[in-house]
Amino acid sequence: MQRTPPARVGDHPSDVQTPALLVDLDTLDDNIASMAHQATAAGLALRPHAKTHKSVAIARRQLLEGAAGLCCQKVSEAEALLESGVEDMLISNHIVAAQPLRRMAALARRLRITTLIAESAQIDLLAAAADYAGATIEVLVEIDAGDRRMGVADSEAILGLAEEVERRHGLHFRGLQAYNGPLQHLREQEERSHAAREAAHRAATLRDRLERRGIACPLITGGGTGSFATDLATGAFTEIQPGSYVFMDLDYGRNRTGEDEPYQPFRQSLFVLSTVINRAPRGAVYVDAGAKALNLDCGPPDVWGSAGLAYTKASDEQGRIEIAPGTLPPQLGEQLLLIPSHCDPTVNLFDWMVGIRGDRVEEVWPIEARGCLS
């Protein structure tokens, strides 16, 4: 961990040591409040996905705005975020290794823990862990919501898994997980909405079949930042689990609305602050933010506020920014804000998050769940 925070409360942004992860607090707060309001207005619970921010401070903000609980991907993330005061945690993953199972069962003695299954062997593992810990673990069957990934596609198999969970001591069937990650990034609005409606319809049909067999299905959870408006309107979900809405990124910005406009239901609040460290010849500068400060799986970042500057290449510790003809070149030592292409894994590269309000550093937060992989 970087022992020294990159800034102090009260600093001017120009005093922040770079590269640094910056959050515009006004925009962050607006994004959190907007999603909470829309979920409440639709009569659904909101369970934000904390794998995006990995931060106790932001989790607290979400819970204070009425979030029903948190969603995370790893047991270690859940452990790291306990200080937020969360009382209801969904570990939306398939936990099968011995140590994470034991730790998850221990957590279930302290708060409500729900996790996913997709086959009978997982039920055996979960039941054994719950029995050993003297705990109850809530269980969702993950259904194939259209992405052909880890969910179960066969309806009879889904019904059978729910029945088996109900028979096992230490486990309680809570409902269905219907999350389709790839649909969040389908570019056209109607394509995204259609895929979201299909996922919701499949989940609602399975809920009805379960209830006809006498198995209560109180929870259908899923959805995400790219499909949340449709998710809220389908009538199938009881809660949604978006994550990236707090920050946004370039990849979500590539989505379109029905009017062929950029998808901007929430504003960009996350940036990587960088410094120009070299003015190269032939129309380029280099900044101190390279591949170790920016996740690049969705492409390079953009430079905030300047269409004439293009981040074109990342080495480990530096990034090349090319200057379009007619664009004023940045000066040596000048700071540039970069918009990450993929927010979640970019956050995981940093130990600290610097919260800016106006021209002042207002918060400096450790990223408690950074590197939580187990």
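The values are calculated or read from the model by the stated rules, or taken from the named source; none is laboratory data. All values reported here derive from a predicted model rather than from experimental measurement. Note that we place each Cβ from the backbone using ideal geometry, even for glycine, and neighbour counts take in every protein chain shown.
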(request) Go through the range 41-114 and tell me which helices (runs of 4 or more DSSP H), entirely inside it, have 1 or more residues that are in contact with a Pro (Cβ under 9 Å, 6 or more places away or on another chain) and farther than 24 Å from residue 22 by Cα. (result) 75-80
(request) Looking for whichever is surrounded by fewer than 19 Cβ atoms within 10 Å (Cβ to Cβ) and not β-branched (Val, Ile, Thr) here; the options are 302, 297. Which one fits? (result) 297
(message) With the requirement that a residue be part of a helix (DSSP H, G or I), within 15 Å of residue 354 (Cα to Cα) and not aliphatic (A, V, I, L, M), what does the range 1-38 give you?
(response) 13, 14, 15, 26, 27, 29
(request) Within the range 151-171, track down each residue that is aliphatic (A, V, I, L, M) and more than 18 Å from residue 124 (Cα to Cα). (result) 153
(message) Of everything in the range 69-85, what is surrounded by fewer than 22 Cβ atoms within 10 Å (Cβ to Cβ) and hydrophobic (A, V, I, L, M, F, W, C)? Give them in sequence order.
(response) 82
(request) Being small (Gly, Ala, Ser) and touching a strand residue (DSSP E or B) at 6+ places or on another chain (Cβ under 6 Å) is the filter here, so list the residues in the range 43-58 that pass it. (result) 45, 50, 55, 57
(message) Can you confirm whether residue 333 is at pLDDT 95 or above, not in a loop (DSSP other than H, G, I, E, B) and not polar (S, T, N, Q)?
(response) no
(request) Would you mind finding the one in 300, 242 that is in contact with a strand residue (DSSP E or B) (Cβ under 8 Å, 6 or more places away or on another chain), modelled with pLDDT of 95 or more, in a loop (DSSP other than H, G, I, E, B) and not assigned by TED's automatic domain parsing to the domain that holds residue 351? (result) 242
(request) Sort out which residues of the range 276-294 are surrounded by fewer than 19 Cβ atoms within 10 Å (Cβ to Cβ) and within 17 Å of residue 344 (Cβ to Cβ), and write them in order of number. (result) 291, 292
(request) Can you confirm whether the range 229-244 contains a residue that is under 30 Å from residue 294 (Cα atoms), charged (D, E, K, R) and out of contact with any Lys or Arg (no Cβ under 8 Å at 6 or more places or on another chain)? (result) no
(request) Quick one: residue 259 ticks every box in (1) out of contact with any helix residue (DSSP H, G or I) (no Cβ under 6 Å at 6 or more places or on another chain); (2) surrounded by 15 or more Cβ atoms within 10 Å (Cβ to Cβ) except a single one, so which number is it? (result) (2)
(request) Please determine, by comparing only the residues of the range 263-288 that are modelled with pLDDT under 95 and either in the same structural domain as residue 190 (by TED's automatic domain parsing) or under 20 Å from the mean Cα position of the chain (by Cα) (or both), which one is nearest to residue 187 (Cα to Cα). (result) 263
